[in-house]
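The values are calculated or read from the model by the stated rules, or taken from the named source; none is laboratory data. Just so we're clear, the structure is a prediction, and the values are computed from it rather than from any experiment. Virtual Cβ from ideal backbone geometry, glycine too; neighbours counted across all protein chains shown. What goes into the accessible areas is simple: the full protein's heavy atoms, side chains included, and nothing from ligands, DNA or RNA. Shrake-Rupley method; radii C 1.70, N 1.55, O 1.52, S 1.80 Å.
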Amino acid sequence: RMSSAGKGDVVLKCQSRLEWLFAMVFVLHPGITEIYFQPLIVNLTKKKVYRKKVKLDARYKYYIPDFLIVVNGKEFIVEVKSAALLGMSNKDFDQIERVLAKDGIGFCILTDLDLGKAENNIRILYEYCVHDAGSVTAWANDLKHLLETRQDINSVSDLAGLLDSVNWYVCSGILQGVISFDLLNWDLMSMSFPVVQAYGDLKHLEVISFV
(Lines give C-alpha, C1' and ligand atoms only; values in the text may rest on other atoms or scores of the structure.)
Protein backbone atom coordinates (compact mmCIF):
# COMPACT_ATOMS: atom_id res chain seq x y z
CA ARG A 1 0.00 0.00 0.00
CA MET A 2 1.27 3.50 -0.79
CA SER A 3 -0.01 7.04 -0.91
CA SER A 4 -0.57 8.47 -4.39
CA ALA A 5 0.42 11.97 -3.22
CA GLY A 6 -2.95 13.51 -4.02
CA LYS A 7 -3.23 12.13 -7.54
CA GLY A 8 -6.61 10.47 -7.10
CA ASP A 9 -6.73 7.56 -4.66
CA VAL A 10 -5.54 8.19 -1.11
CA VAL A 11 -3.96 4.74 -1.11
CA LEU A 12 -2.81 2.52 -3.96
CA LYS A 13 -3.01 -1.17 -3.08
CA CYS A 14 -0.23 -2.82 -5.07
CA GLN A 15 -0.41 -6.58 -5.38
CA SER A 16 3.19 -7.15 -6.46
CA ARG A 17 6.60 -5.52 -6.25
CA LEU A 18 6.41 -4.68 -9.95
CA GLU A 19 3.06 -2.90 -9.50
CA TRP A 20 4.56 -0.97 -6.58
CA LEU A 21 7.49 0.19 -8.71
CA PHE A 22 5.23 1.39 -11.50
CA ALA A 23 2.97 3.08 -8.96
CA MET A 24 6.04 5.07 -7.88
CA VAL A 25 6.68 5.99 -11.51
CA PHE A 26 3.10 7.22 -11.84
CA VAL A 27 3.36 9.28 -8.64
CA LEU A 28 6.65 10.85 -9.75
CA HIS A 29 5.68 11.45 -13.36
CA PRO A 30 4.73 15.13 -13.79
CA GLY A 31 2.46 14.42 -16.76
CA ILE A 32 0.23 12.07 -14.76
CA THR A 33 -2.43 13.96 -12.83
CA GLU A 34 -4.57 11.12 -11.45
CA ILE A 35 -3.98 7.47 -10.53
CA TYR A 36 -6.57 4.85 -9.58
CA PHE A 37 -6.10 1.21 -8.56
CA GLN A 38 -8.50 -1.35 -10.10
CA PRO A 39 -10.83 1.50 -11.08
CA LEU A 40 -13.34 -0.28 -13.26
CA ILE A 41 -14.70 -3.61 -14.48
CA VAL A 42 -14.85 -4.60 -18.13
CA ASN A 43 -17.49 -7.11 -19.20
CA LEU A 44 -15.79 -8.59 -22.25
CA THR A 45 -18.82 -10.68 -23.18
CA LYS A 46 -21.15 -7.68 -23.31
CA LYS A 47 -18.35 -5.31 -24.39
CA LYS A 48 -19.29 -2.93 -21.59
CA VAL A 49 -17.25 -0.87 -19.10
CA TYR A 50 -18.53 -0.39 -15.54
CA ARG A 51 -17.08 2.42 -13.43
CA LYS A 52 -18.57 1.12 -10.22
CA LYS A 53 -18.66 -2.23 -8.48
CA VAL A 54 -21.08 -4.72 -10.02
CA LYS A 55 -21.96 -8.26 -9.10
CA LEU A 56 -20.00 -10.63 -11.31
CA ASP A 57 -22.02 -13.18 -13.25
CA ALA A 58 -20.30 -16.51 -13.93
CA ARG A 59 -21.85 -16.58 -17.41
CA TYR A 60 -19.71 -13.63 -18.51
CA LYS A 61 -16.02 -13.01 -19.00
CA TYR A 62 -14.58 -10.03 -17.12
CA TYR A 63 -11.38 -8.01 -16.96
CA ILE A 64 -10.34 -5.93 -13.94
CA PRO A 65 -7.32 -3.74 -14.79
CA ASP A 66 -4.44 -2.85 -12.50
CA PHE A 67 -4.34 0.93 -12.85
CA LEU A 68 -6.08 3.84 -14.53
CA ILE A 69 -3.98 6.98 -15.02
CA VAL A 70 -4.89 10.35 -16.49
CA VAL A 71 -2.40 12.04 -18.82
CA ASN A 72 -3.22 15.40 -20.38
CA GLY A 73 -6.89 14.78 -19.63
CA LYS A 74 -6.97 11.37 -21.34
CA GLU A 75 -7.56 8.13 -19.45
CA PHE A 76 -5.27 5.12 -19.89
CA ILE A 77 -5.66 1.66 -18.45
CA VAL A 78 -2.28 0.20 -17.54
CA GLU A 79 -1.74 -3.55 -17.26
CA VAL A 80 1.45 -4.39 -15.36
CA LYS A 81 3.01 -7.76 -16.19
CA SER A 82 6.32 -9.52 -15.81
CA ALA A 83 7.88 -9.78 -19.26
CA ALA A 84 8.73 -13.43 -18.57
CA LEU A 85 5.08 -14.26 -17.83
CA LEU A 86 3.40 -12.07 -20.43
CA GLY A 87 3.32 -14.79 -23.08
CA MET A 88 1.58 -17.16 -20.66
CA SER A 89 -1.29 -14.79 -19.90
CA ASN A 90 -4.74 -16.03 -20.93
CA LYS A 91 -6.09 -12.49 -21.29
CA ASP A 92 -7.17 -11.32 -24.74
CA PHE A 93 -5.44 -7.95 -24.69
CA ASP A 94 -6.54 -7.06 -28.22
CA GLN A 95 -10.18 -7.49 -27.24
CA ILE A 96 -9.64 -5.55 -24.03
CA GLU A 97 -8.09 -2.68 -25.98
CA ARG A 98 -11.03 -2.58 -28.42
CA VAL A 99 -13.67 -2.53 -25.66
CA LEU A 100 -11.87 0.22 -23.76
CA ALA A 101 -11.40 2.26 -26.94
CA LYS A 102 -15.18 2.40 -27.38
CA ASP A 103 -15.29 4.35 -24.11
CA GLY A 104 -12.40 6.60 -25.14
CA ILE A 105 -9.93 4.88 -22.81
CA GLY A 106 -6.40 4.07 -23.94
CA PHE A 107 -4.67 0.79 -23.07
CA CYS A 108 -1.03 -0.06 -22.43
CA ILE A 109 0.93 -3.06 -21.13
CA LEU A 110 4.03 -2.23 -19.07
CA THR A 111 6.63 -4.81 -18.01
CA ASP A 112 9.81 -4.87 -15.97
CA LEU A 113 11.69 -4.24 -19.22
CA ASP A 114 10.14 -0.77 -19.41
CA LEU A 115 11.78 0.10 -16.10
CA GLY A 116 15.26 -0.44 -17.51
CA LYS A 117 17.80 0.68 -14.90
CA ALA A 118 15.38 3.10 -13.34
CA GLU A 119 14.37 1.14 -10.24
CA ASN A 120 16.94 2.56 -7.80
CA ASN A 121 16.56 6.06 -9.22
CA ILE A 122 12.81 5.91 -8.75
CA ARG A 123 13.17 4.72 -5.16
CA ILE A 124 15.50 7.61 -4.30
CA LEU A 125 13.32 10.28 -5.93
CA TYR A 126 10.20 8.89 -4.31
CA GLU A 127 11.82 9.18 -0.87
CA TYR A 128 12.38 12.89 -1.52
CA CYS A 129 8.76 13.28 -2.60
CA VAL A 130 7.50 11.67 0.58
CA HIS A 131 9.91 12.77 3.29
CA ASP A 132 11.22 16.11 2.01
CA ALA A 133 8.20 17.41 0.09
CA GLY A 134 8.18 20.66 2.05
CA SER A 135 11.78 21.46 1.10
CA VAL A 136 11.96 20.20 -2.49
CA THR A 137 10.67 23.43 -4.07
CA ALA A 138 13.07 25.63 -2.09
CA TRP A 139 16.08 23.43 -2.87
CA ALA A 140 15.14 23.33 -6.56
CA ASN A 141 14.79 27.12 -6.66
CA ASP A 142 18.21 27.53 -5.07
CA LEU A 143 19.73 25.26 -7.70
CA LYS A 144 17.94 27.11 -10.48
CA HIS A 145 19.24 30.46 -9.24
CA LEU A 146 22.79 29.09 -9.06
CA LEU A 147 22.65 27.73 -12.62
CA GLU A 148 21.32 31.04 -13.90
CA THR A 149 24.18 32.99 -12.33
CA ARG A 150 27.05 30.60 -13.02
CA GLN A 151 28.21 29.48 -16.46
CA ASP A 152 30.89 27.04 -15.28
CA ILE A 153 28.64 24.24 -13.98
CA ASN A 154 28.62 21.26 -16.34
CA SER A 155 28.44 18.29 -14.00
CA VAL A 156 27.34 17.43 -10.47
CA SER A 157 30.97 17.52 -9.31
CA ASP A 158 31.08 21.23 -10.21
CA LEU A 159 28.46 21.88 -7.52
CA ALA A 160 30.79 20.72 -4.74
CA GLY A 161 31.57 23.61 -2.42
CA LEU A 162 28.77 25.72 -3.88
CA LEU A 163 25.91 23.88 -2.16
CA ASP A 164 25.78 21.93 1.09
CA SER A 165 24.48 18.35 0.66
CA VAL A 166 24.55 18.51 -3.14
CA ASN A 167 22.31 15.44 -3.47
CA TRP A 168 19.37 17.32 -1.88
CA TYR A 169 19.52 20.06 -4.49
CA VAL A 170 20.15 17.74 -7.42
CA CYS A 171 17.24 15.41 -6.60
CA SER A 172 14.96 18.37 -6.01
CA GLY A 173 16.09 19.94 -9.28
CA ILE A 174 15.20 16.74 -11.13
CA LEU A 175 11.76 16.54 -9.52
CA GLN A 176 10.98 20.19 -10.24
CA GLY A 177 12.21 20.14 -13.85
CA VAL A 178 15.21 22.41 -13.22
CA ILE A 179 17.73 19.90 -14.60
CA SER A 180 17.45 16.92 -16.92
CA PHE A 181 18.06 13.36 -15.80
CA ASP A 182 18.04 10.07 -17.71
CA LEU A 183 16.14 7.77 -15.36
CA LEU A 184 16.78 4.69 -17.48
CA ASN A 185 20.54 4.96 -17.98
CA TRP A 186 22.12 7.17 -15.29
CA ASP A 187 22.91 6.24 -11.69
CA LEU A 188 21.44 8.84 -9.36
CA MET A 189 23.27 7.46 -6.32
CA SER A 190 26.66 8.08 -7.92
CA MET A 191 26.00 11.82 -8.34
CA SER A 192 28.28 11.59 -11.37
CA PHE A 193 26.42 12.89 -14.43
CA PRO A 194 26.00 16.11 -16.45
CA VAL A 195 24.03 19.07 -15.16
CA VAL A 196 21.84 20.35 -17.98
CA GLN A 197 19.04 22.85 -17.43
CA ALA A 198 15.62 21.51 -18.37
CA TYR A 199 13.83 24.87 -18.17
CA GLY A 200 10.83 23.28 -16.49
CA ASP A 201 9.75 21.08 -19.41
CA LEU A 202 10.00 17.95 -17.19
CA LYS A 203 10.64 15.69 -20.19
CA HIS A 204 13.44 14.00 -18.27
CA LEU A 205 10.77 11.98 -16.48
CA GLU A 206 8.94 10.86 -19.64
CA VAL A 207 9.79 7.24 -19.02
CA ILE A 208 6.45 5.80 -20.08
CA SER A 209 6.57 5.20 -23.81
CA PHE A 210 2.90 5.84 -24.61
CA VAL A 211 2.73 9.30 -23.03
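Only residues that are open to solvent by 20 Å² or more (accessible area, probe 1.4 Å) and closer than 15 Å to Lys74 by Cα: list them for the range 15-30, please. Residue satisfying the conditions is Pro30 alone. Counting only helices (runs of 4 or more DSSP H) that fall entirely inside the range 91-197 and contain at least 3 residues that are surrounded by fewer than 14 Cβ atoms within 10 Å (Cβ to Cβ), the qualifying elements are 93-102, 119-131, 133-149.
Taken over the range 79-90, the residue count meeting the criterion of being surrounded by fewer than 16 Cβ atoms within 10 Å (Cβ to Cβ), in contact with a helix residue (DSSP H, G or I) (Cβ under 7 Å, 6 or more places away or on another chain) and outside any loop (DSSP other than H, G, I, E, B) is 1. Would you point out the residue of the range 32-60, among those that are surrounded by fewer than 15 Cβ atoms within 10 Å (Cβ to Cβ) and touching a Ser or Thr at 6+ places or on another chain (Cβ under 8 Å), that is nearest to Glu19 (Cα to Cα)? The residue in question is Tyr60.
Of the residues making up the range 144-180, those that are closer than 21 Å to Ile32 by Cβ and without any contact (Cβ under 8 Å) to a residue 40 or more places away in the chain are Gly173, Val178, Ile179, Ser180.
For (1) out of contact with any Phe, Trp or Tyr (no Cβ under 9 Å at 6 or more places or on another chain); (2) among the hydrophobic types (A, V, I, L, M, F, W, C); (3) modelled with pLDDT of 95 or more; (4) within 16 Å of Phe193 (Cα to Cα), each residue gets a yes or a no:
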| site | (1), (2), (3), (4) |
| --- | --- |
| Glu127 | yes, no, no, no |
| Val130 | yes, yes, no, no |
| Ser135 | no, no, no, no |
| Leu146 | no, yes, yes, no |
| Arg150 | yes, no, no, no |
| Leu163 | no, yes, no, no |
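For the range 183-211, the candidate set comprises residues that are under 14 Å from the mean Cα position of the chain (by Cα) and modelled with pLDDT of 50 or more; within that set, the residue that is nearest to Thr111 (Cα to Cα) is Leu184.
For the criterion of being polar (S, T, N, Q), in contact with a strand residue (DSSP E or B) (Cβ under 7 Å, 6 or more places away or on another chain) and at pLDDT 90 or above, Ser155 passes. Would you be able to say whether some residue in the range 65-78 is assigned to a helix (DSSP H, G or I), open to solvent by less than 80 Å² (accessible area, probe 1.4 Å) and either modelled with pLDDT of 85 or more or among the hydrophobic types (A, V, I, L, M, F, W, C) (or both)? No.
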